[in-house]
Amino acid sequence: MQNYSLKNHKLNKNQVILILIAVAAFVILAIYGIALAIYRSGKIAAMVKYAPYKATITLNDRRISNNGTVYLEPGKYHLKAEFEHFETYEEDITISETYHDIVGLLTPSDAEGEEYRSKYANQFTFVEGYIGKVLNQQGEALQKQYPIVSHLPITNRLYAITYRRDSPESEPKILIRTDDEFIDVAVDRLKSFKDVDITGLDLSFSTNFSTDLSTSTASDASQFVKESISSNYSVSDATKLSDQYTLVKIYSYNPNLGRGAEYGHYRAILSKKGNTWQFAAPIYPLFTTRNAPGIPVEILKTANEK
């Protein structure tokens, strides 16, 4: 049997060239892969789709590719999309792990633009569908992060509970619009959401207690509140929440309502101040870490359930 040995086998010139080319190609690809990984490190893959696809897209005056993926540092950008015969669109946007797709449709500004849109209608149709997909994904992400959103909006003749966001990254502000007469009903509805931690919400009531607080020196908590607010309201007996905090509820009273004579309940958390008291937080129908900062969450939860 004949033995073959690489040691005795000499490569010809063409084989050497092919091996060197292969090694060079491998090295180039490896360097490119490393450089690409370094370039994309810490950046977010953002899909850019603006119809028409020939539209010029810039972020902070730097042009980016349309109808493709770009890698961006998370943060705030000024978006500008423009194309001849279409209206220029500008907006301040935030790129993050949750909100990173840059999608939209430009509006024709003249007959030539209308003709262009008709000619490339497939681009506009595709982007319109993609926008719907993005909105659905963002909605699911928002509901996962803020479960309260899945219950809203709620509107009826007694109250409305909605929300707004100042930016794609901002926390929803929960808006409760009602009158004192129905505020207890709205509060009960908020408290009925078992998957929502009320104390973690940013609440805004249209009926916030706005009476100017006077200075009382009463040693009794209920009397202190009664002397500090308008005489139009009644107050409950004090409820001790802890060694430091005490709760007094404030409400309106109408004897003509029978069993529902008490309505429009607000809550006041007090803390000791020498022989008298002080308001530990503003008066609200419900307490959260936003409107009553510095007070332990468990105290807020207990106060909200009273």
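Being buried (at least 17 other Cβ atoms within 10 Å of the Cβ), in contact with an Asp or Glu (Cβ under 7 Å, 6 or more places away or on another chain) and part of a helix (DSSP H, G or I) is a description that does not apply to SER216.
If we scan region 153-169, do we find a residue that is buried (at least 17 other Cβ atoms within 10 Å of the Cβ), part of a strand (DSSP E or B), at pLDDT 85 or above and among the aliphatic types (A, V, I, L, M)? The answer is yes; a qualifying residue exists. Residues in region 126-171 that are in contact with a Lys or Arg (Cβ under 7 Å, 6 or more places away or on another chain) and more than 16 Å from SER206 (Cα to Cα): VAL127, TYR130. Here GLU140 passes the criteria (1) outside any strand (DSSP E or B); (2) modelled with pLDDT of 90 or more except the one numbered (2). Within the option set PHE193, PHE209, being in a loop (DSSP other than H, G, I, E, B), at pLDDT 90 or above and not assigned by TED's automatic domain parsing to the domain that holds TYR99 holds for one residue only, PHE193.
For (1) surrounded by 10 or more Cβ atoms within 10 Å (Cβ to Cβ); (2) modelled with pLDDT of 70 or more; (3) over 59 Å from the mean Cα position of the chain (by Cα); (4) assigned to a strand (DSSP E or B), each residue gets a yes or a no:
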site	(1), (2), (3), (4)
ASN3	no, no, yes, no
ASN14	no, yes, yes, no
ILE21	yes, yes, no, no
ALA25	yes, yes, no, no
ILE28	yes, yes, no, no
GLY33	yes, no, no, no
ILE38	no, no, no, no
ALA45	yes, yes, no, yes
THR58	yes, yes, no, yes
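Just one residue in the set THR162, THR155 is among the β-branched types (Val, Ile, Thr) and within 30 Å of PHE279 (Cβ to Cβ); that residue is THR162.
Scanning region 172-210 for residues that are under 17 Å from LEU152 (Cα atoms) and of a type in the set (Phe, Trp, Tyr) returns PHE193, PHE205. Once region 84-129 is narrowed to residues that are of a type in the set (A, V, I, L, M) and in a helix (DSSP H, G or I), the residue that is nearest to the chain's Cα centre (by Cα) is VAL127. Inspect all residues belonging to region 241-248 and state whether any of them is loosely packed, with under 13 Cβ neighbours inside 10 Å and within 30 Å of ARG165 (Cβ to Cβ). Within region 241-248, not a single residue is loosely packed, with under 13 Cβ neighbours inside 10 Å and within 30 Å of ARG165 (Cβ to Cβ). Scanning region 260-306 for residues that are modelled with pLDDT under 95, among the basic types (Lys, Arg), outside any strand (DSSP E or B) and farther than 17 Å from ILE183 by Cα yields one hit, ARG290. Considering region 60-76 alone, what residues qualify as being within 18 Å of LEU106 (Cβ to Cβ) and buried (at least 16 other Cβ atoms within 10 Å of the Cβ)? Once the filter is applied, which keeps residues that are within 18 Å of LEU106 (Cβ to Cβ) and buried (at least 16 other Cβ atoms within 10 Å of the Cβ), region 60-76 yields ILE64, ASN66, ASN67. Restricting attention to region 106-125, does a residue exist that is buried (at least 17 other Cβ atoms within 10 Å of the Cβ) and either assigned by TED's automatic domain parsing to the domain that holds THR207 or within 26 Å of LYS43 (Cβ to Cβ) (or both)? Checking region 106-125: not a single residue is buried (at least 17 other Cβ atoms within 10 Å of the Cβ) and either assigned by TED's automatic domain parsing to the domain that holds THR207 or within 26 Å of LYS43 (Cβ to Cβ) (or both).
For region 170-190, the set of residues classified as touching a residue at least 24 places away in the same chain (Cβ under 8 Å) and part of a loop (DSSP other than H, G, I, E, B) consists of GLU171, PRO172, ASP179, listed by residue number.
The values are calculated or read from the model by the stated rules, or taken from the named source; none is laboratory data. All figures in this text were calculated on a predicted structure; none of them were measured in a lab. Backbone-built Cβ (ideal geometry, glycine too); neighbour counts: all protein chains shown.
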